[in-house]
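The block underneath contains the structure these notes are about, expressed in structure tokens.
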Amino acid sequence: MRAAFSPPQKAGSKKHLVIIAICFILVLLAALLLPFWVKISKRPSVSSINPSIGDPGSRMVIRGANFGNERGDGKVEFDGVSPSSSAYVSWHDDHIELLIPIFV
């Protein structure tokens, strides 16, 4: 007849494994969500439009963040219609200056 002895496991060792597993899951979630957070944080946001109502042909300045340093394919729309590219006076990451278009 054989007898075997296993020392009792410490209660703390299971707690350590649980803590390690939770930390691993949190790091994994952070790694998966980071690209989405970066994408959301780079969305353009408008802080002010001056003047808020203007006459066609007058200048308008839109201030905010994350517009990009160049216009590229960016655009501003008035009632769903974009002005021509010549209407854009300047385009910076924190403000856009343009002429209010004349629509027929």
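Please treat every number below as a calculation from the coordinates, not as lab data. Since this is a predicted model, take the numbers as computed values, not measurements. In this analysis, Cβ positions are derived from the backbone assuming ideal geometry, glycine residues included, and neighbour counts consider all displayed protein chains.
See the values below:
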quantity: Local electrostatic count at His92 - Lys and Arg +1, Asp and Glu -1, tallied over other residues with Cβ under 12 Å; calculated: -2
quantity: Loop sites in the stretch 37-104: GluC sites (Glu not before Pro), DSSP, at most 12 other Cβ within 10 Å; calculated: Glu70, Glu77
